[in-house]
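The values are calculated or read from the model by the stated rules, or taken from the named source; none is laboratory data. Not measured: the values here are computed from a predicted model. Reconstructed Cβ throughout: ideal geometry from the backbone, glycine too, with neighbour counts over all protein chains shown.
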Amino acid sequence: MMDTPFVRFVGASPTGLRPAEWPAIIQGGMGVAISHWRLARAVSLSGQLGVVSGTAVDAVLVRRLQDGDVGGHVRHALDACPWPALAAQILARYFRPDGRAPGQPYARLTLWTTESSAFRQALAMVGGFVEVWLAKVGHSGRVGINLLTKVTLPNLPVLYGALRAGVDVVLMGAGIPRDIPGALDRLAEHQQAAQRHDVIGHEGMDPIQWVRFDPQRYEAVNFPPLVRPAFFPIIAAHSLATLMARKATGSIEGFVVEGPTAGGHNAPPRGSKRFDDRGQPVYGDRDVVDLDTVAALGYPYWLAGGVGSPAGLRAAQGLGAVGIQVGTLFAHCEESGLAPSLRLQVMAAAQAGTIGVRTDPLASPTGFPFKVVDVAGTLSDHRVYDARERVCELGYLRESYQDDRGRVRFRCASEPVRQYVAKGGRQEETVGRKCLCSGLLAAAGMPQTQRNGTLEPAIVTSGDDWDGVRALWSARRGPYFARDVIDYLTQAATIPNTGVVGTATPN
């Protein structure tokens, strides 16, 4: 087993922080619940940065409870919850000791709005706490949380819950997270924080609202400030790195520089829109990040997208990066939250060389390109897509708009077409749109049973590079683990281990 690679930065960072050791490997924050606490914990125990997904963590919390909380892990975390009355209320409402009856749907949560109730926000806050606490308890390794800037409404309560659990790093992409560094400063002081929320409006109306979260809504805070975590924006352009370095509302501590071969949402191509013969957007020279510009800002950075190999790690470090962020290799390891049946189905195709990954410009209702793996029986199968009744019951990716009376309303290009058009949307914007919220929860083994009795189909996302997955599967002659991923990536590393200690599983 090779030593765990870390890089030491000598001297003060641009933020004035003390010298720190940063991991060479950041495990990708794959949602929904693919990067759950078990995966992040395994990576962190191996000396690298394990990352939990904060996307839809409130829905994940209540669905685990409704499935009986097998192993009792969620209840263990709720016992440690800093809001015992809220924890008791959540248990009373959602916990089912014997799980759901066959065909019984999950209890549906109210959709997020700019004026969501205190209890609705509390579900996100407690969900953030539970996920990070389970990843961190019993060891000294570092754990991060990944959130999407575009999913504005739940972000602040999730972050505060994560801070109360001692999260070490916050990573955010899918937008420009300028407000988050300042929000972290305020949340660490238990003060009200705000994040701007874009609203599509009519001429003369303010396109920006502010969503606010006040921790003191839940308790009278009379204890010391929390440790403010490091903040790593995920960027796809050096201009965004410069913007964040100069105009963010608080300190940033590093960057993840992500290319278009990474899984999940990708940044749209810059410049003219061109598509290849598979209908994928074509990226060009303008989409190449100038690493010299990034390096000149003086912050540590990691490369992501197509670098998940020993050669990729060496190349990244040769270009001045601390290391790499890796998603695809971890998404298919045994600790991943991907449903086991789907993982086996995907791995069979990967081993046979028939795996197909497509950058779909239409799948996501956000308008961002989204990586989709071709898997029979999922939303990538046109027969499944055509047969599914369109419904929007989670609504994390809805867009806000102002109606002709100035009221803020919500719509999603993946909802029923008639509803979307009635809200002022254009019918052509609904073509090819997939319900990512429900599909990604289904991929994590928590599919909703719809009113017509059918199960929500899954959608699987992944990066383009499968060579490492095949190599690990072949080397192990079957399933592999997070520790195998790290050993594979660091097989030529000589940078010393951090000496992380801890237990293998929560007590």
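Checked against (1) under 30 Å from Asn452 (Cα atoms); (2) of a type outside the set (Val, Ile, Thr); (3) part of a loop (DSSP other than H, G, I, E, B), Ala92 passes all but a single condition, namely (3). Over 17 Å from Gly50 (Cβ atoms) and modelled with pLDDT under 95: is that true of Val322 in this structure? It is false that Val322 is over 17 Å from Gly50 (Cβ atoms) and modelled with pLDDT under 95. Check segment 452-465 and report whether any residue there is over 30 Å from Ser116 (Cα atoms), of a type in the set (Asp, Glu) and loosely packed, with under 15 Cβ neighbours inside 10 Å. There is no residue in segment 452-465 that is over 30 Å from Ser116 (Cα atoms), of a type in the set (Asp, Glu) and loosely packed, with under 15 Cβ neighbours inside 10 Å. Just one residue in the set Ile25, Ile90 is closer than 30 Å to Arg314 by Cα and either small (Gly, Ala, Ser) or buried (at least 19 other Cβ atoms within 10 Å of the Cβ) (or both); that residue is Ile25.
Out of curiosity, is Asp277 among the acidic types (Asp, Glu), surrounded by fewer than 24 Cβ atoms within 10 Å (Cβ to Cβ), within 26 Å of Ser251 (Cβ to Cβ) and out of contact with any helix residue (DSSP H, G or I) (no Cβ under 7 Å at 6 or more places or on another chain)? So Asp277 fails the test. Taking the criterion of being under 17 Å from Gly173 (Cβ atoms) and hydroxyl-bearing (Ser, Thr, Tyr), the only residue of segment 302-343 that qualifies is Thr328.
Please determine whether any residue of segment 163-177 is within 23 Å of the chain's Cα centre (by Cα), in a helix (DSSP H, G or I) and not aromatic (Phe, Trp, Tyr). Yes; the residues of segment 163-177 include at least one that is within 23 Å of the chain's Cα centre (by Cα), in a helix (DSSP H, G or I) and not aromatic (Phe, Trp, Tyr).
Of the residues examined, Val256 is one that is under 25 Å from the mean Cα position of the chain (by Cα), part of a strand (DSSP E or B) and farther than 21 Å from Ala350 by Cβ. Contact annotation: no residue pair with Cβ atoms under 9 Å, 6 or more positions apart or on different chains, pairs a residue in segment 222-245 that is without any contact (Cβ under 8 Å) to a residue 12 or more places away in the chain and within 11 Å of Ile176 (Cα to Cα) with a partner that is of a type in the set (A, V, I, L, M, F, W, C) and in a helix (DSSP H, G or I). Consider Asp404 carefully, then state whether it is assigned to a helix (DSSP H, G or I), among the acidic types (Asp, Glu), over 29 Å from Tyr283 (Cβ atoms) and modelled with pLDDT under 95. No: the conditions fail for Asp404. Among the candidates Ala413, Ala363, Ala422, single out the residue that is out of contact with any strand residue (DSSP E or B) (no Cβ under 6 Å at 6 or more places or on another chain) and either under 17 Å from His265 (Cα atoms) or buried (at least 18 other Cβ atoms within 10 Å of the Cβ) (or both). Just a single option satisfies the conditions, and that option is Ala413. In this entry, Gly377 passes the filter for residues that are touching a helix residue (DSSP H, G or I) at 6+ places or on another chain (Cβ under 7 Å), surrounded by fewer than 19 Cβ atoms within 10 Å (Cβ to Cβ) and modelled with pLDDT of 90 or more. For Arg426, indicate whether it is over 23 Å from Gly28 (Cα atoms), at pLDDT below 95, among the basic types (Lys, Arg) and touching a helix residue (DSSP H, G or I) at 6+ places or on another chain (Cβ under 8 Å). Criteria not met by Arg426. So which residues in segment 139-152 are closer than 19 Å to Ala33 by Cβ and surrounded by fewer than 24 Cβ atoms within 10 Å (Cβ to Cβ)? Within segment 139-152, Lys150, Val151 meet the criteria. Look at Leu291 and say whether it is without any contact (Cβ under 8 Å) to a residue 40 or more places away in the chain and closer than 29 Å to Asp487 by Cβ. Against the criterion (without any contact (Cβ under 8 Å) to a residue 40 or more places away in the chain and closer than 29 Å to Asp487 by Cβ), Leu291 does not qualify. Per this entry, Arg286 is not counted among residues that are out of contact with any strand residue (DSSP E or B) (no Cβ under 6 Å at 6 or more places or on another chain), under 24 Å from Arg38 (Cα atoms) and either in a helix (DSSP H, G or I) or of a type in the set (Lys, Arg) (or both). Of all residues in segment 466-479, exactly one satisfies the criterion of being in contact (Cβ under 8 Å) with a residue 60 or more places away in the chain, more than 11 Å from Ile355 (Cβ to Cβ) and in a loop (DSSP other than H, G, I, E, B), namely Pro479. Scanning segment 183-203 for residues that are in a strand (DSSP E or B) and of a type in the set (A, V, I, L, M, F, W, C), we see that the one that is surrounded by the most Cβ atoms within 10 Å (Cβ to Cβ) is Ala193.
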